[in-house]
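Please treat every number below as a calculation from the coordinates, not as lab data. As the structure is a prediction and not an experimental result, all values here were calculated from the model. Cβ coordinates were reconstructed from backbone atoms using ideal geometry, including for glycine residues, and neighbour counts include every protein chain displayed.
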Amino acid sequence: MKKNDLPKIIPIFPLSNFIIFPNTTVPLNIFEPRYVEMINDCMKTNKMIGLIQPKKNKVNSIPDLHGVGCLGKIINFKYIDNRYLIDLCGLSRFNITEEIKNNKPYRECEINFDGFLEDLKLPKEELKFSDLELIFKDLKSLFEKKGYIINWKSLEKQDLNETINALSMASPFSLEEKQVLLESENLEIRKNKIAEILSTYSHDNYDNTTIQ
């Protein structure tokens, strides 16, 4: 996909503690009526929606949104029992320019892709175990402590981009920590950020980490 093919206004799907990266695919179960309508509408156009994390508002009933999300395209879908089961493929991260006032039950935002155009042409990088040895060791401990099950062998067969992004998405990190990973400029920075986040965790405080 080229820059000119990217939309300027998109429907927004706020998901707390959930991120998606370019060139990764995630399954989603869409059951809230307003978001079912959102999927109905976008299926008639470009099949694209923006995934973004809401902020932890303490005052407003409508949560503020983080400034950076990821544009995704629906590549598979099933409509069953008034809900959509979709596979969403990440295309490119984006910045929110402003929220658009509309009469729809879901939110829409004007966006731009400044600073993220490299997302459209991510190079394949072969996995080097030395790059991930420390991360794998510490992440395995954290995942196991939280009861998460990860197929590590299948991850090791992927390239470095896919592996780092998959771990970023699946990790039991906080909303803020996941947002830091999403906004990391490139793979090397993201890998280092994971290591930094893990260094703040200890076996003593694993149980105090909130998963939402």
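Amide H neighbours of Arg107 under 5 Å, at least 5 residues apart or on other chains, H built in the peptide plane: list them.
Placed amide hydrogens put Ile12 under 5 Å from Arg107.
Under the Karplus relation 6.51 cos²θ - 1.76 cosθ + 1.60, θ = phi - 60°, what is the ordered set of whole-Hz ³J(HN,Hα) values for the range 19-24, x standing for Gly and Pro?
With coefficients 6.51, -1.76 and 1.60, one gets 10, 9, 10, x, 6, 10 Hz.
How long are the semi-axes of the equivalent ellipsoid of the range 1-73, defined as square roots of 5 times the Cα gyration tensor eigenvalues? Whole Å, largest first.
The answer is 21, 15, 13 Å, longest axis first.
What's the ranking of 24-30, 99-105 by average number of surrounding C-beta atoms within 10 Å, highest first? Please report the intermediate quantities before stating the final value.
Numbers: 24-30: 15.9, 99-105: 10.6.
Top of the packing list down: 24-30, 99-105.
Nearest 0.05, what FRET efficiency do Lys137 and Asn95 give at R0 = 45 Å with Cβ-Cβ as r?
Result of the calculation: an efficiency of 0.85.
Could you go through the range 73-90 in sequence order and give the Karplus-derived ³J(HN,Hα) for each residue, using 6.51 cos²θ - 1.76 cosθ + 1.60 with θ = phi - 60°, rounded to whole Hz, and x for Gly and Pro?
10, 6, 10, 8, 7, 9, 10, 9, 6, 6, 9, 9, 10, 10, 10, 10, 9, x
Out of the chymotrypsin sites (Phe, Trp or Tyr not before Pro) in the range 14-45, which ones are loop residues according to DSSP with at most 12 other C-beta atoms within 10 Å?
Phe31
Structure shown: which of Lys47/Lys193; Lys55/Lys121; Lys137/Lys193; Lys2/Lys178 lie over 20 Å apart, alpha-carbon to alpha-carbon?
Lys47/Lys193; Lys55/Lys121; Lys2/Lys178
Using the Karplus curve 6.51 cos²θ - 1.76 cosθ + 1.60 with θ = phi - 60°, what ³J(HN,Hα) values do you get for each residue of the range 41-49, in whole Hz, with x for Gly and Pro?
Per-residue couplings from phi come out as 5, 6, 5, 7, 10, 9, 6, 10, 9 Hz.
What are the residues whose amide H is under 5 Å from the amide H of His66, where those residues sit 5 or more places off or on another chain and H is modelled from the backbone?
Gln53, Lys55
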